[in-house]
């Protein structure tokens, strides 16, 4: 396995907010191109990479989808040199005051450094008091003058988190967009592993767009490619400070295999068997309702697609300091590759409902 | 006017990037000592960690002028270990707890990276998401088996960035004052004796300045600090009359703050100097807050004291913003004022 840390860090160092995934897409395309047989971009921007199997044609195909979009902010109003902002995706506004951001100024096609400012109490309504400051009272300050801002920034311009990833102890990486760029890396490891393995099925590696807002990429790509099976790869919650309970799992303890109505039980069983056979530690995760991942839309695309959800835990989801264990990413990539090679040409016929 | 350009900005960047939380100012002290040693006559580090340096002039009737800038910054201190690389912490200095969640920090002498995470919004009730994140619920997370020591300080991991006319950085308060004082020492006028005090523990009660003033016993003192600019729009669109200072309007001369009525002779002298030399300046709005001037003025038999600040936005947060020109003009004003100083200034009028 090659060292995937530089690739992960490069993915955590760029923007690529929902609907504007270009920067991420270009990096991923460059990385995947030598690993696959064909690449294309779907109608709404998802990246499609085909690694052909060696089975007889017409070959069945497996789609493995990881979303490449990230949450962030968008300029909603410009007042003098200050920018008012709105959310792109589900951000906890409490993390915003004092954050380093990049304003993607479309007026001058420049990346402008900025900070999210919590105005001093004297300037805010008394009702804001000591509590959480509402998003409409936060401002972005680029340090530029009003006339410079007028030239460079437009309503609708994106504002992304600017903090660079940090390498913490024990192979933990922390940064923004770990959800879900770390799954993109897991999928990359899968493709690398497949270089030296033989597999009967075609594999579509898909970096989907807009998961954080409408799942647009997942169902549109699934519709276009009509895979026989699909796996969504995404992150789940890790146990950590103040966070425990059934929705959470310890980091560095293995790969999460999710069950629930969005996931096909037969596929889950196969994943479990593969994990045990190749001795990759795994844990059971449950999603009693909406899994909140690309598995949700893919399952009901076209005539319905048997779908599984493979995950690994991160701390502090949807903050700029999401933290992940590299080991978990590697195990997930390996498990995906082992699953691919386990698929016999007639696997679909073995799927039975109880 | 002393030279001003990229060399000065690079020094400011090094000073801002160093972490020196009150009581643990070693990193900044090291830079200060290295920078000033070649250009001062005497230098010592006192019992508290203040750097006290003298640069003598050459003429007769030299006034002994204390110039003060504090080396410390607000920050965090690890107070207990929770296991799994997580540490409880307390705040040192006036930080608003709402700036902490979701931020990156560096811990201890080795700048061990850590993060202050937050509970995912997916896992809480809408009720809980409307409450601010309390200090006792936050941890500094160093990674699964990350190690630090109880008592280690932590500072924000923010980067120093340039943007148009501005700089964005942590700890502009008061590294910009420290950088100013270093530049003055390097280009000091010869008509005065400069008593330079790079002080500790300003953020927790002006403690270093007090003993520094007692050591120097100067004729007068100027505290060089960085003061909040609250020149943002009011939430309701009304005129902002509580801006304190404004970016881009030059050095802010203090008139009165929470602890000091600044010496009116010195306030007038600084204004006259600025006007004579056509240096832009502003008068900080009288009101709360304070600088080392409060401690210095009341030392010994009383010391005529004034305070000059480079304005910055977003005090005591991970990222403050200041204007390069305001800094340059602050340096210019102080330099010009020192050159014009005579003992007559302090004669009663």
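The values are calculated or read from the model by the stated rules, or taken from the named source; none is laboratory data. Here the structure is a predicted model, which means the values were calculated and not measured. All Cβ positions, even for glycine, are placed from backbone atoms using ideal geometry, and neighbour counts span all protein chains on display.
Picking from residues in the stretch A:108-118 that are at pLDDT below 95 and over 14 Å from residue A:162 (Cβ atoms), the one that is farthest from the other protein chains (Cβ to nearest Cβ) is A:109. Residue count for the stretch B:334-349 satisfying the condition of being part of a loop (DSSP other than H, G, I, E, B) and closer than 20 Å to residue B:309 by Cβ: 1.
Could you say whether any residue in the stretch B:72-87 is in contact with a helix residue (DSSP H, G or I) (Cβ under 6 Å, 6 or more places away or on another chain), at the interface with another protein chain (Cβ under 10 Å from one of its Cβ atoms) and touching a residue at least 12 places away in the same chain (Cβ under 8 Å)? The answer is no; no qualifying residue exists.
Screening the candidates B:192, B:178 for the property of being over 27 Å from residue B:19 (Cβ atoms), away from chain A (no Cβ under 14 Å), crowded, with 21+ Cβ neighbours inside 10 Å and modelled with pLDDT of 95 or more yields one hit, B:192. Scanning the stretch B:140-169 for residues that are surrounded by 15 or more Cβ atoms within 10 Å (Cβ to Cβ), part of a strand (DSSP E or B) and more than 7 Å from chain A (Cβ to nearest Cβ) turns up B:140, B:153, B:154, B:155, B:156, B:167, B:169.
Evaluated against (1) within 14 Å of chain A (Cβ to nearest Cβ); (2) within 30 Å of residue A:77 (Cβ to Cβ); (3) buried (at least 24 other Cβ atoms within 10 Å of the Cβ), residue B:226 falls short on exactly one condition, (1).
Within the stretch A:191-212, none of the residues are within 9 Å of chain B (Cβ to nearest Cβ) and in contact with a strand residue (DSSP E or B) (Cβ under 9 Å, 6 or more places away or on another chain). Check the stretch B:208-216 and report whether any residue there is under 30 Å from residue A:78 (Cα atoms) and either part of a loop (DSSP other than H, G, I, E, B) or away from chain A (no Cβ under 14 Å) (or both). No, because not a single residue in the stretch B:208-216 is under 30 Å from residue A:78 (Cα atoms) and either part of a loop (DSSP other than H, G, I, E, B) or away from chain A (no Cβ under 14 Å) (or both).
Of the residues making up the stretch B:21-55, those that are part of a loop (DSSP other than H, G, I, E, B) and either over 20 Å from the mean Cα position of the chain (by Cα) or without any contact (Cβ under 8 Å) to a residue 60 or more places away in the chain (or both) number 3. Applying the criterion of being closer than 24 Å to residue A:168 by Cα and in a helix (DSSP H, G or I) to the residues of the stretch B:124-139, the residue that is nearest to the chain's Cα centre (by Cα) is B:135.
Of all residues in the stretch A:201-224, exactly one satisfies the criterion of being surrounded by fewer than 20 Cβ atoms within 10 Å (Cβ to Cβ) and under 18 Å from residue A:38 (Cβ atoms), namely A:224. Residues in the stretch A:290-322 that are loosely packed, with under 15 Cβ neighbours inside 10 Å and within 20 Å of the chain's Cα centre (by Cα): 1 in all.
Looking at (1) touching a residue at least 60 places away in the same chain (Cβ under 8 Å); (2) over 23 Å from residue B:288 (Cβ atoms); (3) more than 7 Å from every other protein chain (Cβ to nearest Cβ), which one does residue B:108 not meet, given that it meets all the others? For residue B:108, the failing item is (1). Residues in the stretch A:270-302 that are assigned to a helix (DSSP H, G or I) and either at pLDDT below 95 or touching a strand residue (DSSP E or B) at 6+ places or on another chain (Cβ under 7 Å) (or both): A:271, A:272, A:275, A:295, A:298, A:299.
Given the structure, is residue A:308 in contact with a helix residue (DSSP H, G or I) (Cβ under 7 Å, 6 or more places away or on another chain) and either outside the structural domain of residue A:11 (by TED's automatic domain parsing) or assigned to a strand (DSSP E or B) (or both)? Yes; evaluated as a whole, the condition is true for this residue. For the residues A:98, A:42, A:105, the requirement of being modelled with pLDDT of 95 or more, outside the structural domain of residue A:340 (by TED's automatic domain parsing), in contact with a helix residue (DSSP H, G or I) (Cβ under 6 Å, 6 or more places away or on another chain) and farther than 30 Å from residue B:288 by Cβ singles out A:105.
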